[in-house]
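Undergrad: Could you have a look at this structure, given as structure tokens, before my questions?
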2 protein chains.
Amino acid sequence: MIEMKAMSTTALQEKYSLLAQSYEKFQNQKLKLDMSRGKPCTEQLDLSNDLLDCLSKTDYKTANGTDCRNYGGLDGIAEAKELFAWFLEAKPQEIIIGGSSSLTMMHDLLCRAMLHGLPESEAPWSKLPTVKFLCPSPGYDRHFAVTEHLGMELITINYLEDGPDMDQIEKLVAADPAIKGIWCVPKYSNPTGITYSDAVVKRLANMPTAASDFRIIWDNAYVVHHLTDTPDQLLDIRKACEAAGHGDRVFVFASTSKLNFPSAGIAMVSSSESNINWLKKHINIQTIGPDKINQLRHVRFLKDQAGIEAHMRKHAEIIKPKFDLVRDILEAELGGQHIASWSNPQGGYFISLDTLPGCARKVVAKAAAAGVLLTPAGATFPYGKDPEDKNIRLSPTFPPLSELKQAMELLVICVQLVSIEQELARIAA
Amino acid sequence: MIEMKAMSTTALQEKYSLLAQSYEKFQNQKLKLDMSRGKPCTEQLDLSNDLLDCLSKTDYKTANGTDCRNYGGLDGIAEAKELFAWFLEAKPQEIIIGGSSSLTMMHDLLCRAMLHGLPESEAPWSKLPTVKFLCPSPGYDRHFAVTEHLGMELITINYLEDGPDMDQIEKLVAADPAIKGIWCVPKYSNPTGITYSDAVVKRLANMPTAASDFRIIWDNAYVVHHLTDTPDQLLDIRKACEAAGHGDRVFVFASTSKLNFPSAGIAMVSSSESNINWLKKHINIQTIGPDKINQLRHVRFLKDQAGIEAHMRKHAEIIKPKFDLVRDILEAELGGQHIASWSNPQGGYFISLDTLPGCARKVVAKAAAAGVLLTPAGATFPYGKDPEDKNIRLSPTFPPLSELKQAMELLVICVQLVSIEQELARIAA
């Protein structure tokens, strides 16, 4: 590959013309491919089909005799707490096993902070003139949407190699009591694939914050979602916070959405016992209890840590070839041109693609015009606005390999077309 | 039975002594009976055991091809909307089928009103100096708890024979813009068993309200929960509101909690299309979608209107003897004494018992001291305070008949003991 900037205008135009022909061929195929969301594919869902009938007409009680069919049990069944305690790194009394959505749990937690305040809040956050929230970006659009919807001011935090820019964060939170928290996807981060280094975790746990009720929303969505046999290691944030004397600082969330069925999973939260007790008091107003039958179903199906790990290896077998394909095509078609860079995650659900600044929206639009739906450019940033307009989140898991190949072959053409357009415009200017 | 007031002091003391002996016998039995909550009994839960395994490894798609295992479908699957449309009296676009708890749906709706306001609100309710909510009482403690938790001022509304006191309500809502809504359990009301008359429904729909964003929370929890073959008829509130030009006034809630499994049911809401669209925008921030698998499970199991009706008749067969037993014992032991009155519901989950004023707490305490747990006296009123201290909610469904009989035999003794204590104190004073 020749670096674009080293090419003459004529060479660029010739290359553009060839690429445009290829693009046209794709357009004529009238593709309808969707790479927009991090959805498991059918083969992954099939891995959990035993969940559909693993209970029987006589199997609805927990070991302690609780009838999972009836009311009660605000914080989830004992077996589920035991099953997930290892990846929540928590004791049973530090865990709530809830309904089907960890996003809902996070949303509801922040609603409670708004309406009631946290235990150490001087006032409900909705009574304050401004509430600000830190958003390491590119990040998860649905996180940012929750805090935006609640009227908070979103502050973009840059990512470095080993996690969010801690210098930036420490400076901000030390100075501004209106900054009440930070969104974190600490492992195989959505979409960067980054796992926070021990140093980053420790600094998050230790940093002084002007707000006494500062909270880390630790969405460990991809805690066991490895693509390789040498998974990233993430430091235990709750232990780090305790050691720093900030035991109440963090709420850890996880779910089975991408272990089993995204629609019908179970979500969970762990935190200090005092945070959990506070949360239970609030949840007790909202519901009589979660779906215990579905919790029992997951316990029966996943069994134990070994069961979960074996299950996740089956996922990796299905999706790793897709990640490999995406990277192979990016490398083959864009490598060495200095018009794009991309992540090489060891787990999770995304590959993060950075185009030249100012190109991402155009690339996504061009792909859409040829029938390939990508995550909207900008979606990975607060307010849907990527300040450099360069990040595109790629979700390789859902499409079959053959479709993924087509989509990627089109995408790399789009990236090159838009890059050349921009370079030609620069030369002309 | 001789009326208590017609008895001499000596006769009262003799009667008290005999009752006290019976009470002591109960105490010696060391009973441990629970009549405190409206929980279905094991036999009722068993009616739905097919739900546990009615799906198979190949049955996870809706008729339109939606894979219920994966993400998506914010407002529920089409089949579930179709199945429940008849008792929600709504079109599919006026329905959201959600997670496992209608209480959560109601709670979350009011949180949204607090944080964001309703479509026609001038401001989020949390920004107003005072928000008031009408609470027909005795009513459902968990309803009142939601509005109390949100810092609203609860206004007790009396019940008349055919529903809440509309004169009282009309006067209040016409004058006070801080009154933002009313809790209603319109059919087989918890705990009075009352079904609102057509006149009450029409007046609720038509009444002028000072608040432009006034809402009726219509918790039709017992919509198909009949005890007889001549069920109460309830007027369609949504149609009445539309006819009155107040189409956005009401949100109707229901769930399958007491059709099938309380822990693992599905909850639903219907309202005007504009209300539902507003709600969907908010729910879209909170979750990617509800548990569609569990919705499909209920569709497969309940099938259609006839299926639901046949299923509910089986419930009635199990619980009607319990309601009959409770009333028989009340009538036999307390009838004609003018020390208590009780409801005679045609459906629902409760019998409402009124003692003499000032006796309910003592009766509940006395029953507890002999091992029978009742709903705390006062629980059916705002702030847990029954102004006359006379209402006791009886929940006959959960205990087996033999235990229910023991509990009721003790209860009527407690009612008489406390009534005589009060009468003797009155005479002595």
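Computed from the coordinates by the stated procedures, all read-outs in this text should not be read as laboratory data. Computed from a predicted structure; not experimentally measured. Note that each Cβ is placed from the backbone with ideal geometry, even for glycine, and that neighbours are counted across all protein chains shown.
Undergrad: Can you tell me the FRET efficiency between A:Trp86 and A:Glu242 if r is taken as the Cβ-Cβ distance and R0 is 22 Å, rounded to the nearest 0.05? Could you put the intermediate results ahead of the total?
TA: On the way: r = 18 Å, r/R0 = 0.81.
For A:Trp86 and A:Glu242, the calculated efficiency is 0.80.
Undergrad: Right, next: Report ³J(HN,Hα) in whole Hz for each residue of the range A:143-157, in order, from the Karplus equation J = 6.51 cos²θ - 1.76 cosθ + 1.60 where θ = phi - 60°; Gly and Pro get x.
TA: 4, 4, 4, 4, 5, 5, 4, 7, x, 7, 8, 8, 10, 6, 10
Undergrad: Between copies, how far apart are the B:Thr9 label points? List them in nm, one decimal, shortest first, with each point 7 Å from Cα toward Cβ, please?
TA: Sorted ascending, the copy-to-copy spacings read 11.9 nm.
Undergrad: With the crude spin-label approximation of a point 7 Å out along Cα→Cβ, what separation in nm comes out for B:Lys280 versus B:Gln233?
TA: Going by the 7 Å Cα→Cβ label model, 3.4 nm.
Undergrad: Can you give me the C-alpha center-to-center distance between the range B:174-212 and the range A:188-242, rounded to a whole angstrom?
TA: Computed from Cα coordinates, the inter-centre distance equals 50 Å.
Undergrad: What is the mean number of Cβ atoms from other protein chains located within 10 Å of the Cβ atom of each residue in peptide A:97-106, rounded to a whole number? Kindly include the intermediate steps, with their values, before the conclusion.
TA: Details: counts 0, 0, 7, 10, 7, 1, 4, 9, 2, 1.
Averaged over the peptide's residues, the number is 4.
Undergrad: Average partner chain C-beta neighbours within 10 Å, per residue of B:64-71?
TA: On the way: counts 0, 0, 1, 6, 5, 15, 13, 10.
The mean count of partner-chain Cβ atoms within 10 Å per residue comes to 6.
Undergrad: Shifting gears a bit: Give me the angle, in degrees from 0 to 90, between the Cα long axis of helix A:102-115 and the longest principal axis of the Cα atoms of chain A, rounded to the nearest 10.
TA: 70
Undergrad: Excluding A:Leu234 itself, what net charge comes from residues whose Cβ is under 10 Å from its Cβ, given Lys and Arg +1 and Asp and Glu -1?
TA: Values: positive: A:Lys187; negative: A:Glu89, A:Asp198, A:Asp232, A:Asp236.
Result for the neighbourhood of A:Leu234: -3.
Undergrad: Compute the separation of the alpha-carbon centres of the range B:136-165 and the range A:340-412 and state it in Å as a whole number.
TA: Here the answer is 52 Å between Cα centres.
Undergrad: Would you pull out the residues with amide H under 5 Å of B:Gly181's amide H, same chain only if 5 or more places away, H placed 1.01 Å from N?
TA: Correct list: B:Leu134, B:Arg215.
Undergrad: Okay, moving on. Take B:Lys5 and A:Ala199, extend 7 Å from each Cα along the Cα→Cβ direction, and tell me the distance between the two endpoints in nm.
TA: In this crude label model, B:Lys5 to A:Ala199 measures out at 8.6 nm.
Undergrad: Another one. Mind jotting down the distance between the C-alpha centroids of the range A:31-101 and the range B:280-321, whole Å?
TA: When both Cα centres are located, 20 Å separates them.
Undergrad: Which listed residue (A:Cys111, A:Asn220, A:Ile392) has the Cα farthest towards the positive end of the charge dipole for chain A, taking +1 on Lys and Arg C-beta and -1 on Asp and Glu C-beta about the Cα centre?
TA: So the residue furthest toward the plus end is A:Cys111.
Undergrad: Could I ask something else about it? Please determine, in degrees from 0 to 90 and to the nearest 10, the orientation of helix B:273-286 with respect to the longest principal axis defined by the Cα atoms of chain B, where the helix direction is its Cα long axis.
TA: 90
Undergrad: Sticking with this structure for a sec: Using the Kirkwood formula over every pair of different C-alpha atoms, what hydrodynamic radius in Å results for the range B:367-429?
TA: On the way: mean 1/r = 0.0755 Å⁻¹.
This gives a value of 13.2 Å.
Undergrad: Right, here's the next one. For peptide A:38-51, how many partner chain Cβ atoms fall within 10 Å of a residue's Cβ, on average?
TA: On the way: counts 1, 5, 3, 1, 3, 0, 2, 5, 3, 0, 2, 7, 1, 5.
Per residue, the average neighbour count from other chains is 3.
Undergrad: Here's a follow-up. Could you calculate the contour length gain from A:Thr42 to A:Ile427, that is, 0.36 nm times the residue separation minus the distance between their Cα atoms, to one decimal place in nm? Write out the running numbers ahead of the final one.
TA: Numbers: separation 385, 0.36 × 385 = 138.60 nm, distance 4.72 nm.
Full-extension gain reported as 133.9 nm.
Undergrad: How do A:Arg426, B:Arg215, A:Arg393, B:Arg37 rank when sorted from fewest to most other Cβ atoms within 10 Å of their own Cβ? Write out the running numbers ahead of the final one.
TA: On the way: A:Arg426 9, B:Arg215 21, A:Arg393 28, B:Arg37 18.
By the 10 Å Cβ count, ascending, the order reads A:Arg426, B:Arg37, B:Arg215, A:Arg393.
Undergrad: While we're on this one: When chain A is modelled as a GNM with alpha-carbon springs shorter than 10 Å, which of A:Trp278, A:Trp218, A:Trp183 fluctuates the most?
TA: So, out of A:Trp278, A:Trp218, A:Trp183, the one fluctuating most is A:Trp278.
Undergrad: Let me spell out the model: positive unit charges on the Cβ of Lys and Arg, negative unit charges on the Cβ of Asp and Glu, origin at the Cα centre of the range A:225-287. What dipole size does that give, in debye rounded to 20? All intermediate terms of the calculation are to be shown ahead of the outcome.
TA: On the way: 6 positive and 6 negative charges, 57 e Å.
Value, rounded to 20: 280 debye.
Undergrad: For chain B, calculate the relative contact order in percent as a whole number, restricting contacts to Cα pairs under 8 Å that are 6 or more residues apart. Working shown, then result.
TA: Numbers: 800 pairs, mean separation 111.5, N = 429.
In percent, rounded to a whole number, it is 26.
Undergrad: Could you tell me which of the pairs B:Lys81/B:Lys292; A:Lys180/B:Lys292; A:Lys91/A:Lys132; A:Lys61/A:Lys281; A:Lys25/A:Lys362 are separated by over 23 angstrom between their Cα atoms in the structure shown? Can you show the working numbers first?
TA: Working: B:Lys81/B:Lys292 12 Å; A:Lys180/B:Lys292 35 Å; A:Lys91/A:Lys132 31 Å; A:Lys61/A:Lys281 25 Å; A:Lys25/A:Lys362 19 Å.
Beyond 23 Å: A:Lys180/B:Lys292; A:Lys91/A:Lys132; A:Lys61/A:Lys281.
Undergrad: Continuing with this model, one more query. Please list the non-local residues whose amide H lies under 5 Å from the amide H of A:Ile157, H modeled 1.01 Å from N, same-chain partners needing a gap of 5 or more.
TA: Hits under the 5 Å cutoff: A:Cys135, A:Ser137.
Undergrad: Moving on. Report, in degrees rounded to the nearest 10, the 0 to 90 angle that the Cα long axis of helix A:360-369 makes with the longest principal axis of chain A.
TA: 80
Undergrad: If you don't mind, there's one more thing I want to ask. Just want the ordering: A:Trp125, A:Trp86, from fewest to most Cβ atoms lying within 10 Å of their own Cβ. Before the final figure, lay out each step's value.
TA: Values: A:Trp125 25, A:Trp86 13.
If I rank by nearby Cβ atoms, fewest first, I get A:Trp86, A:Trp125.
Undergrad: Sorting B:Ser255, A:Ser197 on the 10 Å Cβ count, fewest up front, what's the list?
TA: A:Ser197, B:Ser255
Undergrad: Hey, rough spin-label estimate for B:Gln93 and B:Gln27, points 7 angstrom out along Cα→Cβ, what's it come to in nanometres?
TA: Computed distance between label sites B:Gln93 and B:Gln27 equals 6.7 nm.
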